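Okay, structure first, notes after.
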Amino acid sequence: MFKTSFPVGKPSSVKMFGYVHILSRSIILNLILGVISLSGLSSPLSAQYKDAIDRLGDFGFSGMQVFRLGSQGGPWHPADVDGDGDLDLCIWLDDRGELVQFLRDPNSDGFIHEEAGNTLVDPAGWTRAEISVGAQVESIDSADLDGDGHLDLVLSCPGANRVKILWGAEGNQRFRSSDNIRLERIARGSQTLRIETQKDKLPILRVLSETGVYEIEQIGRNNSPKIKTLVGSTTGSRVLIHEDVTEDGFQDLITISGSNSDRPYLVRVRPSAGLNSWLPESLLQLESGRFLHQAPTLNASTNKASTNKAMGPTWFFSERDRPVLKGYRIESTPSKTALSSPEVISLSADGLGNGRVAKGDLDGDGDIDLTVLDTKNSRLIPIFNEDGQLIPGKPSPTLQKPKDLIIHEGKVLVTSKSDGGIGICELEGKGFSFPVPGETDSALDLISVAGFAPEPSGKEGSLALLTLNKKGRNSYSLRLGEVEFPLDSVEREPSAVRLFPGSSGDSIVVVEVPFESPILFALRENKFLPIVSPATLESGGRIQSLAPGKLLVTKENRGRIVLVEDLTARVLRQIDTPGTSAKLVGATYLNTNSSDPSDSATLAFIDEGSSMIHLANESEVLESLEGPFKKIRQVLNLDVDGDGNDELVLLKSGSLLLLRRMGSNLILQETFSRRARNENSRITAMAHGDLNGDGILDLVAVDGARGELEILAGTADSFIPALGFPVFEKKTFSGGGRGVEPRAVLVEDLDGDGLADIGLLIHDRLVIYPQENMNTQEDSR
């Protein structure tokens, strides 16, 4: 069945580049029966395995075509670049700085070239053309970007901070003209470019970057493109894929990270909201794995009893430390915990500094919105609540070195010690106007603002801003409207003032002092009345309101519920969180519409030490959730969907996390697993295609550690081993080093006979194994 043909040339100058072990059909059958027996499958075999075994003898290749590249090649891209209906190959040669086009040409006798004293001949039926690029190419894609009927090439050049467009044309003018689109911090890797074609519209080019995804529209030869940035939640992404994983008819964005810092959330899905708009990212947990390939959905589900809805293709990963290949499908499943997995609303890849978030109705639609203060870049970012989805607006500049913010009557108040004290911003489209100075006494040195409280003048409905100010050396005061209350007993400068509702219609004022216990006051009418607080109200704790007259103080591994009544504060109870490494950085109360709140989680403790959220009632911890809960800046509750149950909102260093009540989760459900026979095996590349003409997709897996190729035959819902062989010499080569070989594999119809062939980039060669055509050759069976 396997007839090895060599490239045309002198025998002395042509080496046999690889060799193939041809396994007889009986040997293959015995091997597969042994594998199935060891796997514990019952006998007799199911029909699908009988069919698969009967097809194992069909895998064969009519020889091998070897192309001399002159140096290590890659990345590569198959496309009909000359528009003649045949599939061509574009390969980047970094050592030469050239993009080589291998063009299908039945009239060609091959390409003859001399190098290092050797005369080498590429196979007949192909011609080559070179393009000098002038910058290292990491990824290649193609589409008719300008709608002129000619295919254009897109090259990603991260080292030069640009994407290069080679414009297609007729004949010799093809790729003679080009344009550059300058982009910062483009991600490296061969899967960082994606082009979405649109009916009656020009395509959209998406480029993965270290800060997110660039969306580039209106690309043409005579116009400037429109560039928009989708901020990402990680800087380690190296793979960008378009796929409708939610099956709503729109292409979603999937990014896959290779960074250890992103574990165990290597896969992130950004669902489409239609019309080129996007919902928050979902984090999918994957403990370990190197992404290899995505294959279309198979004919049936491997888990017949599963009630979950399998979506999209199978995603293949290889484990880094074991010779194990695994396949996953993305499924939507109801959350098994009180809070679903976090949705990530990315705001800034560079971080928000000591960011703050406040809630209030910005647009007057009755829904509570959010506003994030980016202290690092001095910006305000509105987050609009649109039908239960949090959608970021336009970041807007604000006061320099901002410290805090408050939302009041649709306006945002921003404080800054160095830039005017208080600035007032109003909504302007999807962003904010530049701050207008507030009416404050310029002689006061503003430290902090707490919020609005009834004005001491007694006018009904009139509110005034409560502020903490520095009057002089070791002299501080609280100010509410025209009323000022000195803090004579404070020796160390306070850091903040907080305002909470009291149990008798009054307000509780908390003055936080570094390294000292907080100072409590009751604000009644126009007086600040001291509240006697116990020593158990520790210094350095974070204070939140549970209910009118009830506070929650968290520190280290514990939370204390404090009751304030009759100008006295006392600790009701203490809730200890589990774990020896617990470090609480915040907590909040979660309202619930449950008929018995004591049975529901009404408290959420954020444990940064264990990267967990502990859900509790006012007596004990009920459950703990593991997740990406590090670098939390602020915690608050928000009823996003208006069902009476609060969701949990966490402000991180560069994003918002939203955890919904009993929502649904996207998960990676394992559907395929195979362990190699050799412990030193590592699958490093994969491709899929129908390699024996039976209409079922098969897999080609490259064992880069051993230099072998393996074919996994497709069944109705899985893959089983069918054929394997070594594919290259063990020694090094000119222009390359000792590394993973082969480096890349693809399955395409490369000879125009309608059958899928295998292509490999290996050492300094391109090797093609054409699939044997049973209609034109004698069946060896």
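Values quoted throughout were computed directly from the atomic coordinates according to the rules given, and no laboratory measurement underlies them. Keep in mind it's a predicted model, so treat the numbers as computed, not measured. Reconstructed Cβ throughout: ideal geometry from the backbone, glycine too, with neighbour counts over all protein chains shown.
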For each pair in K164/K401; K164/K630; K336/K394; K527/K583; K201/K228; K201/K326, compute the distance between the two Cα atoms and list the pairs where it is over 29 Å.
K164/K401; K164/K630; K336/K394; K527/K583; K201/K326
Cα-based Rg (one decimal) and Dmax (whole number) for region 98-205, in Å?
16.3, 54
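With an 8 Å Cα cut-off and a minimum separation of 6 or more residues, compute the relative contact order for the chain in percent.
Working: 1977 pairs, mean separation 89.0, N = 781.
Computed over the chain, the figure is 11 percent.
What number, in percent, do you get for the relative contact order of region 138-287 if the mean sequence gap of Cα pairs under 8 Å and at least 6 apart is divided by its residue count? Before the final figure, lay out each step's value.
Details: 354 pairs, mean separation 20.4, N = 150.
Over region 138-287, the number comes to 14 percent.
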Under a cut-off of 17 Å between alpha-carbon atoms, report the aspartates and glutamates in cross-link reach of K417, not counting same-chain residues fewer than 8 places apart.
D374, D404, E439, D441, D445, E493
Based on Cβ point charges of +1 for Lys and Arg and -1 for Asp and Glu, what charge dipole magnitude is obtained for the chain about its Cα centre, in debye rounded to the nearest 20?
2440 debye
Assuming R0 = 30 Å, what is the FRET efficiency of V571 and N593, from their Cβ-Cβ distance, to the nearest 0.05?
0.55
When Rg and Dmax of the Cα atoms in Å is calculated directly from the model, which label among [x] 29.2, 91; [y] 67.4, 219; [z] 32.4, 105 fits?
[z]
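Taking region 471-547, which GluC sites (Glu not before Pro) meet the DSSP loop condition and have no more than 11 other C-beta atoms within 10 Å? Walk me through the numbers on the way to the answer.
Details: sites: E482, E484, E491, E512, E516, E525, E538; in loops: E482, E491, E516, E525, E538.
Qualifying residues, ordered by number: E482, E491, E525.
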Mind computing the radius of gyration and Dmax over the alpha-carbon atoms of region 138-287? Å is fine for both.
15.7, 51
Trypsin sites (Lys or Arg not before Pro) restricted to region 181-241 and DSSP loop, no more than 15 other C-beta within 10 Å
R185, R188, K199, R221
Over the chain, the sum of -39500 (n - 2.57) across DSSP H runs of at least four, divided by residue number and rounded to 500 deg cm²/dmol, gives at 222 nm -1000 deg cm²/dmol
